[in-house]
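Heads up, the thing below is written out as structure tokens.
Laboratory data are not the source of any read-out in this text; all were calculated from the coordinates shown. Bear in mind the structure is a predicted one, so any value in this text is a computation, not a measurement. Every residue, glycine as well, gets a Cβ built from its backbone with ideal geometry; the counts of neighbours run over all protein chains shown.
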Amino acid sequence: MDKSIAFKKATKNDLPEIIRMIADDQLGRTRENYSEPLDDCYYEAFEKINNDPNQNLMVVLLDTEIVGVFQLTFIPYLTHKGSLRAQIEGVRIKSNKRGLGLGKKMMDWAIQKSKKEGAFMLQLTTNKKRKKAHEFYKKLGFEDSHEGMKYYL
């Protein structure tokens, strides 16, 4: 891959492409609504994320094309002696750009940013149906040390 890879904080103008990526997989299709114009709920959520200093909604650029997205959140804890945890969620690579090593570069960036911010751990959740994602994260050194649970409201 000869093209230049960059990471930047997402802007409001990036939202349509971000939502298109989030909606473009087996699970996203069932829970997201990509349409033009984009539903206001996405702009409202973006504003909340953008105004929170613990949130980093990042896009991955291959040259000038948005090809990936993830949200890196820093969470202060009382456990582990008042440590800081990093959580990565909403990880997506454009379907036609998968297999190029972009996901690894994205995770490497998130790990380095988490270390720089002083986090002692980077954690994530991934749907049990995403078997390929599980193997990908394990290859990067993530451990399936906890069982996650959700309570939908």
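A Förster radius of 22 Å combined with the Cβ-Cβ distance from HIS146 to ASN51 puts the calculated FRET efficiency at roughly 0.15.
The chymotrypsin sites (Phe, Trp or Tyr not before Pro) found in the range 47-92 that occupy coil by DSSP, while having at most 16 further C-beta atoms within 10 Å, are TYR77.
Relative to the Cα centre, the charge distribution of the chain, modelled as +1 at Lys and Arg Cβ and -1 at Asp and Glu Cβ, gives a dipole magnitude of about 660 debye. The Cα atoms of the range 5-139 define a convex hull whose projected area, averaged across directions, is 8.8 nm². For LEU38, no residue 5 or more places off, or on another chain, has a built amide H under 5 Å of its own. In this structure, the pairs whose alpha-carbon distance is over 26 Å, taken from LYS12/LYS97; LYS81/LYS113; LYS12/LYS113; LYS81/LYS105; LYS12/LYS139; LYS115/LYS150, are LYS81/LYS105; LYS12/LYS139; LYS115/LYS150.
Which trypsin sites (Lys or Arg not before Pro) in the range 46-124 pass both tests, a DSSP loop state and at most 16 other beta-carbon atoms within 10 Å? Here the sparse-neighbourhood loop sites are ARG98.
Based on other C-beta atoms within 10 Å, arrange ILE22, ILE93, ILE75 from fewest to most. Numbers along the way, then the final one.
Values: ILE22 19, ILE93 22, ILE75 13.
Ascending Cβ contact count within 10 Å gives the list ILE75, ILE22, ILE93.
Remark: the range 9-21, residue by residue, has Karplus-estimated 3J(HN,Hα) of 5, 5, 10, 4, 5, 7, 4, x, 5, 4, 5, 4, 5 Hz, where x stands for each Gly or Pro and the curve is 6.51 cos²θ - 1.76 cosθ + 1.60 at θ = phi - 60°.
Phi-derived couplings, Karplus 6.51 cos²θ - 1.76 cosθ + 1.60 at θ = phi - 60°, listed residue by residue for the range 39-56: 4, 4, 4, 6, 5, 5, 5, 4, 4, 4, 5, 5, 8, 9, x, 8, 10, 9 Hz, with x used for Gly and Pro.
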